[in-house]
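Engineer: Next up is a structure, given as C-alpha cells.
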Amino acid sequence: MRDLIKSVCMAFTEFDAPPAESDVDGPISWPGYDEARARAQERTGEPESVVCGVGKIGDVEATLIVFEFGFLGGSVGRRTGDRIEAAFARARELGTPVVSFIATGGSRMQEGMAALSQLQRIARQAALTRAAGIPQISVLRDPTTGGGWATLGAGSDVVLALPGAQVGFAGSRVRPPGDDSAYTAESQLASGHVDQIVEDLPGALARWLTLLTNPCRTIPVPPAALGSARVPETGWDAVQAARAASRPHADAYLDAYFDWCEDVSGDRCGGVDPGVRCGFGFRDGVTIAYAAQCGTPTLPSGFRTAARLIRLADRLGFPVLTLIDTPGAANDGAAERAGAGAAIAEVFAAVASASVPVTTLVVGEGGSGGALAFAAPGRTWVTPDSFFAVTSPEAAAAILKRPASEIPATANQLHLRPQDLVQLGVAQGIVQPR
C-alpha cells in the first residue's frame, strides 16, 4: 500500500489519525478481536485498514484515501470510518479533489452493525463533498467489494479500475455460485459502472486531476466545420450530404477541437451506448465537458450517460459542448423496455437546468427529439453538411402515406437545411471551416 502511494505521488503527507476509543474486542466484544488487530498491525505496519493524507499527483494536490487489504481484508470498522470522515472534512477545507484507492472485502463483521453503519458516515461525507463542488475519483483495486464498492467506489464522479480487479457488491465467499465473470472490472466496464480500466495509473490520475481542476470560465466557441463549406441547394441535398460516408463525424470534431480528452463510460444503470461519447477535454489550458452523438440511433443508455455527464459538469462548473449526429432515438421494443422516453427526458432536463453554458454543434443528422434533447436553446450552430428535422423525410412520407418517390420532395418541404434552421431561429449560424 505504501508502495502504491509512492508510485502515484510526488509527495505525500499523512493526516493525523483521529483519537480512537480504547475498547477491548470492539463494540460487540468479539472474542480475540483485539489480538487480531494487533497481529494485523504487526503484519502490515499500519494501525488501521486505511491511510489518509494529501499527495501531489502530477501538478495537482489531492486528498488520498488508501486501503490496506492486508489489515483484516481492508475491512471498514469504526476507526476506518473516523479516518475517512476526517479525510473528507480536510479535503473540503483544502479544496482538494478526493482520490480513493479501494481494496476491501466490506464491513468488519467483528464490530457488527457498528461497522456497517460506517457506510452511512462515508456516504454523508461524500455527499457533503459533492455539494461543495469538489470532484471525487475512485480507483478500484483487487478486490473492491461490499460497502467500499457501494459507497466510495460506485459513488465517485469518475470510476477507474485496475485490470482484472474483482469488483462487485458480493464478495467471493458469499455470492451465489454461477457467473464469476460478472464480478470483474472488465464486466463492470461493459455494464456501464466503470469509466475506464487503466494500465498506467499514475499517468491516468495525473490527466484526470488536471481535467477536473481547470474549468473553462467562458462560453466555449463552437468547433469549426471540418467538411464542405458549401450549403446545400435543396433539402434532399442536405440529407444526402449529412448521410455521406465521407462526412466528418464526432470523433474527428473532438480530436480537432481538444488538445486531448478522457472519456467517461456508462449510464450507471447497466448500459453503455457505443454511439455516444462523453467526457472532458483539455483546450488551451482549460477543461470543457462534451457529450457527442456519433451517427447511430441513440440508445436509452446513451441518453442517461449524457445526462450524467451534463449534471456532473454543471456541479463541478464546467461548460459543456454537445455534438448532434443521430438519425434519432432508438425506437425498437428493447429501447422502449429500457426506458427510452424517461432517458430522453433526463437529457432535456439536464440541459434545461444547467447553470453552466451548453454549446451545441449539429455535425450531421439531426433526427427529431432524440437529437433535440442534446441541443442548447439559443446556443446551437450547424455545419454546412448537416440537417435538423422534426422527423426523417422517410418517416414523414410514411406518415403522410406518400410513395417512396416523393421522399426527396418531402425533404424539401421540411425546411431542414442549415440555412433554413438559421432562418427559423433554431440555429444561431452556420460554422465554416477555418
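The values are calculated or read from the model by the stated rules, or taken from the named source; none is laboratory data. All of these numbers come straight from a predicted model, not from anything done at the bench. All Cβ positions, even for glycine, are placed from backbone atoms using ideal geometry, and neighbour counts span all protein chains on display.
Engineer: When you check Thr145 against the structure, is it touching a Phe, Trp or Tyr at 6+ places or on another chain (Cβ under 8 Å), surrounded by 18 or more Cβ atoms within 10 Å (Cβ to Cβ) and of a type in the set (Ser, Thr, Tyr), yes or no?
Structural biologist: Details: touching a Phe, Trp or Tyr at 6+ places or on another chain (Cβ under 8 Å): yes; surrounded by 18 or more Cβ atoms within 10 Å (Cβ to Cβ): yes; of a type in the set (Ser, Thr, Tyr): yes.
Considered against the rule, which asks whether it is touching a Phe, Trp or Tyr at 6+ places or on another chain (Cβ under 8 Å), surrounded by 18 or more Cβ atoms within 10 Å (Cβ to Cβ) and of a type in the set (Ser, Thr, Tyr), Thr145 comes out as yes.
Okay, residues lined up against (1) crowded, with 21+ Cβ neighbours inside 10 Å; (2) at pLDDT 95 or above:
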{"position": "Leu162", "(1), (2)": "no, yes"}
{"position": "Arg175", "(1), (2)": "no, no"}
{"position": "Gly192", "(1), (2)": "no, yes"}
{"position": "Leu212", "(1), (2)": "yes, yes"}
{"position": "Arg217", "(1), (2)": "no, no"}
{"position": "Ser228", "(1), (2)": "no, no"}
{"position": "Ala238", "(1), (2)": "yes, yes"}
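Engineer: Those residues that are out of contact with any Pro (no Cβ under 8 Å at 6 or more places or on another chain) and farther than 22 Å from Ala62 by Cα, I need them from region 151-167; list them, please. Give the derivation first.
Structural biologist: We begin by selecting, within region 151-167, every residue out of contact with any Pro (no Cβ under 8 Å at 6 or more places or on another chain); these are 151-156, 159-164.
Correct list: Pro163, Gly164.
Engineer: Further question: Collect the residues in region 302-323 that are in contact with a helix residue (DSSP H, G or I) (Cβ under 8 Å, 6 or more places away or on another chain), surrounded by 23 or more Cβ atoms within 10 Å (Cβ to Cβ) and aliphatic (A, V, I, L, M), keeping them in residue-number order.
Structural biologist: Passing the criteria: Ala306, Ala307, Ile310, Val320, Leu321, Leu323.
Engineer: From the set of residues in region 10-50 that are touching a Leu at 6+ places or on another chain (Cβ under 8 Å) and of a type outside the set (Ser, Thr, Tyr), which is farthest from Arg108 (Cα to Cα)?
Structural biologist: First pass over region 10-50, keeping only residues touching a Leu at 6+ places or on another chain (Cβ under 8 Å): 12, 36-37, 40, 49.
Those still in the list that are of a type outside the set (Ser, Thr, Tyr) too: 12, 36-37, 40.
Working: Phe12: 27, Ala36: 12, Arg37: 11, Ala40: 13 Å.
Result: Phe12.
Engineer: In region 258-292, what count of residues is obtained for those that are crowded, with 21+ Cβ neighbours inside 10 Å and either among the charged types (D, E, K, R) or in the same structural domain as Ser156 (by TED's automatic domain parsing) (or both)?
Structural biologist: 3
Engineer: Suppose we filter region 199-252 for residues that are in contact (Cβ under 8 Å) with a residue 40 or more places away in the chain and closer than 25 Å to Asp157 by Cα; how many remain?
Structural biologist: 21
Engineer: Any residue that is touching a Lys or Arg at 6+ places or on another chain (Cβ under 7 Å), surrounded by fewer than 21 Cβ atoms within 10 Å (Cβ to Cβ), aromatic (Phe, Trp, Tyr) and within 30 Å of Val286 (Cα to Cα) - is there at least one of those in region 241-257?
Structural biologist: Scanning region 241-257, I find no residue that is touching a Lys or Arg at 6+ places or on another chain (Cβ under 7 Å), surrounded by fewer than 21 Cβ atoms within 10 Å (Cβ to Cβ), aromatic (Phe, Trp, Tyr) and within 30 Å of Val286 (Cα to Cα), so the answer is no.
Engineer: Suppose the filter is closer than 28 Å to Pro163 by Cβ and under 23 Å from the mean Cα position of the chain (by Cα); does Ala87 pass it? Outline the logic, then answer.
Structural biologist: On the way: closer than 28 Å to Pro163 by Cβ: yes; under 23 Å from the mean Cα position of the chain (by Cα): no.
It is false that Ala87 is closer than 28 Å to Pro163 by Cβ and under 23 Å from the mean Cα position of the chain (by Cα).
Engineer: Here's another thing I want to ask about it. Kindly establish whether Gly106 is at pLDDT below 95 and either on the phi > 0 side of the Ramachandran plot or in contact with a strand residue (DSSP E or B) (Cβ under 7 Å, 6 or more places away or on another chain) (or both).
Structural biologist: Numbers: at pLDDT below 95: yes; either on the phi > 0 side of the Ramachandran plot or in contact with a strand residue (DSSP E or B) (Cβ under 7 Å, 6 or more places away or on another chain) (or both): yes.
It is true that Gly106 is at pLDDT below 95 and either on the phi > 0 side of the Ramachandran plot or in contact with a strand residue (DSSP E or B) (Cβ under 7 Å, 6 or more places away or on another chain) (or both).
Engineer: Does region 33-89 hold any residues that are outside any helix (DSSP H, G or I) and of a type in the set (Phe, Trp, Tyr), and which are they? Explain how you work it out, then say what you get.
Structural biologist: Keep residues of region 33-89 that are outside any helix (DSSP H, G or I), which gives 45-71, 75-77.
Passing the criteria: Phe67, Phe69, Phe71.
Engineer: In this structure, does Lys6 turn out to be of a type in the set (D, E, K, R) and either surrounded by fewer than 16 Cβ atoms within 10 Å (Cβ to Cβ) or at pLDDT below 95 (or both)?
Structural biologist: Numbers: of a type in the set (D, E, K, R): yes; either surrounded by fewer than 16 Cβ atoms within 10 Å (Cβ to Cβ) or at pLDDT below 95 (or both): yes.
Here the answer is yes, as Lys6 does meet what is asked.
Engineer: If you don't mind, another one. Any idea which of Arg230, Arg247 is among the basic types (Lys, Arg), touching a helix residue (DSSP H, G or I) at 6+ places or on another chain (Cβ under 8 Å) and part of a loop (DSSP other than H, G, I, E, B)?
Structural biologist: Values: Arg230 fails: touching a helix residue (DSSP H, G or I) at 6+ places or on another chain (Cβ under 8 Å).
Result of the check over Arg230, Arg247: Arg247.
Listed here are the residues, each with its yes/no results for (1) assigned to a loop (DSSP other than H, G, I, E, B); (2) of a type outside the set (Gly, Ala, Ser); (3) farther than 21 Å from Arg304 by Cα.
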position: Gln110; (1), (2), (3): no, yes, yes
position: Gln120; (1), (2), (3): no, yes, yes
position: Arg130; (1), (2), (3): no, yes, no
position: Thr144; (1), (2), (3): no, yes, yes
position: Gly164; (1), (2), (3): yes, no, yes
position: Val167; (1), (2), (3): no, yes, yes
position: Gln188; (1), (2), (3): no, yes, no
position: Glu199; (1), (2), (3): yes, yes, yes
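Engineer: In region 388-409, what count of residues is obtained for those that are touching a residue at least 24 places away in the same chain (Cβ under 8 Å), of a type in the set (Ser, Thr, Tyr) and in a helix (DSSP H, G or I)?
Structural biologist: Qualifying residue count for the region: 0.
Engineer: Might you let me know whether region 46-53 holds any residue that is in contact (Cβ under 8 Å) with a residue 24 or more places away in the chain, more than 23 Å from Ile122 (Cα to Cα), surrounded by 12 or more Cβ atoms within 10 Å (Cβ to Cβ) and not aromatic (Phe, Trp, Tyr)? Outline the logic, then answer.
Structural biologist: Here is the first cut: in region 46-53, the residues in contact (Cβ under 8 Å) with a residue 24 or more places away in the chain are 46-53.
From what's left, more than 23 Å from Ile122 (Cα to Cα): none.
No.
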